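Okay, so here's the structure we're looking at.
The values are calculated or read from the model by the stated rules, or taken from the named source; none is laboratory data. Bear in mind the structure is a predicted one, so any value in this text is a computation, not a measurement. Cβ coordinates were reconstructed from backbone atoms using ideal geometry, including for glycine residues, and neighbour counts include every protein chain displayed. The accessibility values were calculated without ligands, DNA or RNA, using every heavy atom of the protein model including side chains. Shrake-Rupley method; radii C 1.70, N 1.55, O 1.52, S 1.80 Å.
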Amino acid sequence: MAEREATIAPKSLEDFDPQMKPKRNKLSWAYAVLASMTPILLGYDIGVMSGAAMYIKRDLKVTDVQIEILLGIINLYAPIGSYIAGRFSDWFGRRYTIVLAGAFAFIGAVLMGLSPNYAFLMFGRFFAGVAIGFFFIASVYISEVSPSYSRGFLTSLPEAFVNAGILIGYISNFGFSKLPLRYGWRVMLGIGIIPSIFLAIAVLAMPESPRWLVSKGRLGEAKKVLRKISDSKEEAQQRLTDIKEIIGIPLDCDDDIVSVTKVQGKGVWKEIFIHPTPAVRHIFIASIGIQFFQQSSGIDAVVLYSPEIFEKAGIKSDTHKLLATIAVGFMKTVFILVATFLLDRVGRRPILLISVGGLIISLLTLGISLTIIENSRTTVTWAIWLSIAAVLSYAATFSIGMGPITWVYCSEIFPLRLRSQGVSIGAVVNRVTSGVIGMTFLSLMKAITIGGVFFLFAGIASFAWVFHYIMLPETRGKTLEEIEGSFGNLWGKSKTSLTTEGVRST
């Protein structure tokens, strides 16, 4: 800690200027917050579809299987967007990639809001799904503009806005549920054009990622951005030095434009899949695993099918089901805000392990209570309340750790040369797993009972806890350029660095 403070301590009169330092701090946070708002479109789509599905089923006379496909297919389209985003962001930059995501989201919202039938609705879902695949780039951008001491907080903000979007979607369900059946769900889906327009325009006010600029040899522009988002000239210079060293630019080079031989995107697949170093292999397994377990532990089943779960718990009124669903969105939003303030104080690893432990308890409780309700011939009031409490507990424990840390972790562990495409691979795994869960939940519920589904999720969450304990080093307080050194020895250094290196670096 002392070394880092000495490195970035102000040494000039300009650094003590009370007007300069707050401006830079505010700009760094403003850019991160602005980028973080883009995933609100993802959250809104997830939240609004959970309630809209009830009315789509009634209006279009579709089956449960068609509803499963409608809700889950968007996540199978997302890998297309993730692949495009990974390549596009390396070629044209992080900022324009976020703008393109807003454009796809706008098209998807328009098509879904105007859908005359199920087939046209599925067509609109394709564009919405591609847009969802883009949104991981927000976490990449934020990790590259944030200083190490606040990176956990700032990189967790996209997940906070996802949860805010889910809550807004739930509220939209409730607010427009009183409209005539033919128009209500179409308004719920179509109103998503408003935030997509705002965000696509607002993102243009953001600067490009300094790490991306350096990777393209545009040192002059990178220096200007780093001066804006750093607390002092010394910190900006140190961050530039770290990036230049990773890119392979001579440290004494002070030109504004240089030729870079290490081109991002070239050789990435070979380095990840064919000839990975021990560190890269460890990083890749850790990122894939945490993304898989985030979704396979059942979060999208709870978010997308909250009305069905509450109906199984004994709540029959549409109004009451939607109100209970709003409570789920509220819990997720509140606890994600708690998580953002803990990540840089407590660390990623302990919060993640506590979070997954809470998921296991919540899922077991939900499975038991729903099984009792399903097999009882009379109304079991205490079991109904216990199942509601378990759903809310699940939402809270997920949002305080598993939700935000997955994206924080993946966006900061990959080396710069592999980052955008490495994170995009994780995003593909995340969305495909989510799609499988979303497209099978109702059928699985009929096959093994609703209680059995949540016992299954609890078993998966138990495996997740063991995986996280073994595979994930602490990254709190380290620069992005230092983190790679924490990986490469699954049973040795990576385990000791979870405690000693993580604490020492802070």
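One table, with the values for the structure above:
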quantity	calculated
DSSP-loop trypsin sites (Lys or Arg not before Pro) across segment 272-321, with at most 16 other Cβ within 10 angstrom	316
Label zone at residue 374, where the point sits 7 Å out along the Cα-to-Cβ direction: segment 51-69 residues whose backbone N lies under 19 Å	64-65, 68
FRET efficiency, residue 354 to residue 320 (Cβ-Cβ, R0 45 Å, nearest 0.05)	0.90
Accessible-area value, residue 223, 1.4 Å probe, nucleic acids and ligands omitted, Å²	50
Pair residue 285, residue 440: separation of 7 Å Cα→Cβ label points (nm)	2.4
Residue 63/residue 470 FRET efficiency (R0 41 Å; Cβ-Cβ; nearest 0.05)	0.45
Solvent-accessible area per residue, Å², over the chain with all protein chains present [probe radius 1.4 Å]	38
Separation of the residue 87 and residue 224 label points, Cα + 7 Å toward Cβ, nm	3.1
Surrounding net charge for residue 208, when Lys and Arg each add one and Asp and Glu each subtract one, Cβ distance under 11 Å	+4
Length gained when the stretch residue 274-residue 381 is fully extended (0.36 nm per residue, less Cα-Cα span)	32.8 nm
Whole-Å semi-axes of the ellipsoid equivalent to segment 106-237 (Cα gyration tensor, √5λ, descending)	39, 16, 11
Computed label-point distance, nm, for sites residue 117 and residue 338 using a 7 Å Cα→Cβ extension	4.9
Ratio Rg/Rh, restricted to segment 266-363 and using Cα atoms, in which Rh is the Kirkwood radius	1.13
Semi-axes of the equivalent ellipsoid for segment 210-348, Cα gyration tensor, largest first, Å	45, 22, 14
Pairs of Cα atoms farther than 33 Å apart, the chain, %	38
Local electrostatic count, residue 179, Cβ distance below 12 Å [Lys/Arg +1, Asp/Glu -1]	+2
Cut-off 13 Å between beta-carbons: net charge of the residues surrounding residue 356, Lys and Arg +1, Asp and Glu -1	+2
Relative contact order for the chain, counting Cα pairs under 8 Å that sit 6 or more residues apart, in percent	23
Surface/4 estimate of mean projected area, convex hull on alpha-carbon atoms of segment 367-484, nm²	8.9
